[in-house]
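Have a look at the structure below before the remarks.
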Amino acid sequence: MIVVDVETTGIDPTKHGIIDIAARDFNNPTNTFHSECQLKLGAKINQKALEINGFTKEEITDPKKPTLKQAVSRFLKWSKKIEDRTIAGHNPDFDINFLHHSARLCGLKWNLGHRKVDQHSIIYQLALKKGIKIPLTKKKISGFNSDVIMDFVGLPVEPKPHKALNGVTWETEALSRLIYAKNLLPQFKEFKLPSHLS
């Protein structure tokens, strides 16, 4: 699996743009990819999105950074060397949609498919299996957001503002704990696995 996280200037890939891409090979977690990039010309900026990821307008328009095409092309090239290229993460549809749209926009061939591994589905299934009550929002839908998932697997919440490289790091460790009930990354070794994961 390739754990992927992107930071963007909003939620609509046809209107907003990617500004940060990070990925980690789940089966070889020292193999990582990371690239910030310039915002594509004409893309809209939602100020709330920048508050979440901590980027400034000056940073996302910095001409010294790689272009969107360069960043996506490098990501796709990096991913070709990985044996299992199934994308994984927290809400991976978001990341896939942005990357796929950006590749098409830049004239690049998308060859990562559409199947994915969503850590929300894994934790939901595990909670049902273990008889753990599903946390629900006021709308009576699953409340397993990223912070709740990290607490469930015994990790501190991801640092804020949200950065793509941190995202893939926390998501990779969470996936290992959910799937194998074991620590994967040395930086999280001190955080014990909760008993409900074993």
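The values are calculated or read from the model by the stated rules, or taken from the named source; none is laboratory data. The shown structure was predicted, so the numbers you read here are calculated from the model rather than taken from an experiment. Here Cβ is always computed from backbone atoms with ideal geometry, including for glycine, and neighbour counts include all displayed protein chains. To get the accessible areas, we keep the full protein, side chains included, count just its heavy atoms, and leave off ligands, DNA and RNA. Shrake-Rupley method; radii C 1.70, N 1.55, O 1.52, S 1.80 Å.
Can you run the Rg to Rh ratio on the chain? Use alpha carbon positions and the Kirkwood inverse-distance Rh.
Working: Rg = 17.0 Å, Rh = 17.4 Å.
Checking Rg against Rh, the ratio lands at 0.97.
Long-range amide H contacts for N31: which residues qualify at under 5 Å (H placed 1.01 Å from N, peptide plane, sequence gap of 5 or more or a different chain)?
D25
Once the Cα atoms of helix 92-105 and of the chain are each reduced to a long axis, what angle between those two axes, in degrees from 0 to 90 to the nearest 10, is obtained?
So the inclination is approximately 20 degrees.
Keeping all protein chains in position, work out how much accessible area W110 exposes to a 1.4 Å probe, and write it in Å² to the nearest 10.
50
5 Å is the cut-off here: which amide hydrogens, built 1.01 Å from N in the peptide plane, fall below it relative to T8, excluding neighbours closer than 5 in sequence?
Counting only residues 5 or more places away or on other chains, the set is I19.
How large is ³J(HN,Hα) for each residue in region 131-143, as worked out from phi by the Karplus curve 6.51 cos²θ - 1.76 cosθ + 1.60 (θ = phi - 60°), to whole Hz, x for Gly and Pro?
Each residue's phi maps through the Karplus curve to give x, 8, 5, 6, x, 10, 7, 4, 7, 6, 10, 3, x Hz.
Could you give each residue of region 145-157 its phi-based ³J(HN,Hα) in whole Hz, using Karplus coefficients 6.51, -1.76, 1.60 with θ = phi - 60°, and x for Gly or Pro?
My calculation for region 145-157 gives 7, 4, 5, 5, 5, 4, 5, 4, 9, x, 10, x, 5 Hz in order.
If DNA, RNA and ligands are ignored and the probe is 1.4 Å, what is the ranking of V4, V148 by accessible area, most exposed first?
Values: V4 0, V148 50 Å².
Per-residue accessible area, sorted high to low, gives V148, V4.
Can you check what the net charge comes to around L197, using other residues whose Cβ is under 13 Å from the Cβ of L197 (Lys, Arg +1; Asp, Glu -1)? Intermediate results must be reported in sequence, preceding the final value.
Working: positive: K129, K130, R177, K182, K192; negative: D151, E173.
After counting each charged neighbour, the total is +3.
What residue among S102, M150, L50 has its Cα farthest toward the positive end of the dipole of the chain, where the charges are +1 on Lys, Arg and -1 on Asp, Glu, each on the Cβ?
After comparing all options, I get S102.
What figure, in Å² to the nearest 10, do you get for the accessible area of Y180 with a 1.4 Å probe and non-protein molecules left out?
130
Compute the Cα gyration tensor for region 79-123, then decide on rounded, prolate or oblate, letting a ≥ b ≥ c be the square roots of its eigenvalues: rounded whenever a/c is under 1.5, prolate when a/b is larger than b/c in the other cases, and oblate in all that remain. Numbers along the way, then the final one.
Values: a/c = 3.30, a/b = 1.50, b/c = 2.20.
Oblate, because a/c is 1.5 or more while a/b does not exceed b/c.
Could you list, bin by bin from short to long, the percent of Cα-Cα pairs of region 90-162 in 5 Å steps?
Computed distribution, short to long bins: 3, 13, 19, 18, 16, 13, 10, 6, 2, 0.
All other residues with a Cβ under 11 Å from the Cβ of E36 taken together, and with Lys, Arg as +1 and Asp, Glu as -1, what is their net charge?
Working: positive: K64, K65, K163; negative: E7, D20, E59, D62.
Value of the local net charge: -1.
Using only Cα atoms, find the angle between the long axis of helix 68-79 and the longest principal axis of the chain, and express it within 0 to 90 degrees, rounded to the nearest 10.
50
Would you kindly find the accessible area of F191, with a 1.4 Å probe and non-protein molecules such as ligands, DNA and RNA excluded, rounding to the nearest 10 Å²?
Spelled out: F191, probe radius 1.4 Å, area about 60 Å².
Tell me which residues come under 5 Å, amide H to amide H, from E36 once H is placed; ignore anything under 5 positions away on its chain.
Those qualifying (amide H under 5 Å, at least 5 residues apart or on another chain) are I21.
Using a 1.4 Å probe and counting only protein heavy atoms, arrange C106, C37 so the residue with the most accessible area comes first.
Details: C106 25, C37 0 Å².
Per-residue accessible area, sorted high to low, gives C106, C37.
Can you work out ³J(HN,Hα) from phi for every residue in region 111-117, in order, using Karplus 6.51 cos²θ - 1.76 cosθ + 1.60 and θ = phi - 60°, giving whole Hz and x for Gly and Pro?
10, 9, x, 10, 6, 8, 10
Carbon and sulfur atoms: what percent of the 1.4 Å accessible area of the chain do they account for?
Numbers: 5670 of 10630 Å².
Carbon-and-sulfur percentage of accessible area, whole number: 53.
Using a 1.4 angstrom probe with every protein chain in place, what is the largest-first accessible-area order of R24, R85, R177, R104?
Numbers: R24 30, R85 55, R177 0, R104 145 Å².
Final ranking, largest accessible area leading: R104, R85, R24, R177.
If I fit a long axis through the Cα atoms of helix 164-180 and take the longest principal axis of the Cα atoms of the chain, what angle between them do I get, 0 to 90°, rounded to 10?
Between helix and principal axis, roughly 30 degrees.
Accessible area per residue of region 45-150 at 1.4 Å probe, in Å²? Mind showing how you got there, number by number?
Numbers: 6540 Å² over 106 residues.
That works out to 62 Å² per residue.
Can you give the relative contact order of the chain as a percent, counting alpha carbon pairs under 8 Å and 6+ residues apart? Show your work: numbers first, answer last.
Values: 321 pairs, mean separation 44.3, N = 198.
Relative contact order comes out at 22 percent.
Quick one: putting +1 on the C-beta of Lys and Arg, -1 on the C-beta of Asp and Glu, what dipole do you get for the chain around its Cα centre, in Debye to the nearest 20?
Working: 30 positive and 21 negative charges, 98 e Å.
Charge dipole, the chain, about its Cα centre: 480 debye, nearest 20.
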